[in-house]
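Here the structure comes first, spelled out in structure tokens, and everything after it is commentary.
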Amino acid sequence: MRRLRLALLVLPLVIGVASAQELDFQDLINDPTFEALIDQALQLNITARVLPPGQNTVWNSESRKVTLPGRSVAVRLVGQNIRIDVVFTPYQEEGGTVLLVAQGQVWLSEAPEHKTRYLTTIQSIPVGWGEKVLFFPLGLSSELDEQQTFAIQLEVEIRPYRELRDKTLRSSTTD
Amino acid sequence: MCPDGELLSAFFDAEIPLPWAERVREHTESCGRCRERLERLRSLRALLHGDPEPEHQPAFERTREALHSRVWRSFKRGRSFWRTRVAVPLPAAAAALVLLLGLGLLLAVATVRLSLPWMTIRRQPTGVTEVQVAAPIKDLEALLRSLDSQPAIQEIVITLPEESTFLIMGEPRMLRAADYHERVR
């Protein structure tokens, strides 16, 4: 009887531990055990755009990821003749701003010989909360604006996660 | 000249060495007053020797019994832990105090450090960039375990629109959106 009671006490703990291992990062941030994490958490809003000449967006894709300073968020863009990997890493600076580091790699197959070109870069820029940063993995050249080609633009916006979460909670309670 | 009382008493107890003892003896033989004093000393000694020795055994037994019962009573009653006195040398007490203060200071420093952001970049005046990592987490082990179970990098995969051909237009660039829009205008 005593053993049964003990087993009943331990069982929720075991289930809790097992389920915690299955949490994804978003759940981890929302776990009350790690409440202190929320103050540090950042949300990266990433919008990928394809810009034809004339700068009117013909296609875009929006994504959101919650992360911590120093923890990277990778974006992979896969197209017919191209693959682009960009790793964004936000670092919290002392003054409260964020240093956004972008590490880009591009594999491009060029017609007609189907030669593959590889391009790599690492760049950083200090940004404020909500300030939008644009990353052009294929470059940005005004001279080429007239050519019939598409530019790829990644827009990154960083916001404190707590602020966004509190706003969501407020709006859900008023509804 | 007659010897004083102390000298005569010492002579009587044969504590004076030669030749002084001989001279005192010669004097006492010729001096009636000193002979009388010597007689008094002799009769006092005889009186002390003749007195029976007092019986001390019963008093000794009583004292022993009293001490034994007192110790036994305190042993049976038991002494409170908080009333127990411990003798600590002053240097050891001072060292313990300094150690406690040091530990307190370390704890305070650690608490302040834990209140720092998760990961920060500090640029030193010398130009060196220092990356500081601080974890304001109560259960750091559980967090690290959870992070380990996640992929190191969170990945977003986006498929670009079909039938779009891309070309490399130059060096990859990163700039603020405000600067870009200014440039486009």
Scan of the range B:48-65 for residues that are assigned to a helix (DSSP H, G or I), at pLDDT below 85 and open to solvent by 100 Å² or more (accessible area, probe 1.4 Å), ordered by number:
B:Leu48, B:His49
Within the range A:79-101, is there a residue that is over 27 Å from A:Pro160 (Cβ atoms), modelled with pLDDT of 70 or more and of a type in the set (S, T, N, Q)?
yes
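Among the residues of the range A:73-84 satisfying the criterion of being crowded, with 18+ Cβ neighbours inside 10 Å and free of Cβ contacts under 8 Å to residues at least 24 places away in the same chain, which is nearest to B:Ile158 (Cα to Cα)?
Within the range A:73-84, the first condition is being crowded, with 18+ Cβ neighbours inside 10 Å, and the residues that meet it are A:73-75, A:77, A:79, A:82, A:84.
The next check asks that each one be free of Cβ contacts under 8 Å to residues at least 24 places away in the same chain; those that pass are A:74, A:79.
On the way: A:Ala74: 11, A:Gly79: 9 Å.
Taking the candidates together, the pick is A:Gly79.
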Having 1 or more residues that are within 7 Å of chain B (Cβ to nearest Cβ) and among the aromatic types (Phe, Trp, Tyr) is the bar; report the strands (runs of 3 or more DSSP E) wholly within the range A:43-130 that clear it.
A:59-67, A:82-93
Result of the Cβ filter at 7 Å on the range B:14-35, keeping first residues that are without any contact (Cβ under 8 Å) to a residue 60 or more places away in the chain and partners that are open to solvent by 100 Å² or more (accessible area, probe 1.4 Å), at least 6 apart or interchain, is B:Thr28/B:Arg35
Of everything in the range B:9-41, what is hydrophobic (A, V, I, L, M, F, W, C) and open to solvent by 100 Å² or more (accessible area, probe 1.4 Å)? Give them in sequence order.
B:Leu18, B:Trp20
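The values are calculated or read from the model by the stated rules, or taken from the named source; none is laboratory data. Nothing here was measured: the structure is a model prediction, and the numbers come from that model. Glycine also receives a Cβ, built like all others from the backbone with ideal geometry; neighbour counts cover every protein chain displayed. SASA here: full protein model, heavy atoms, side chains in, ligands and nucleic acids out. Shrake-Rupley method; radii C 1.70, N 1.55, O 1.52, S 1.80 Å.
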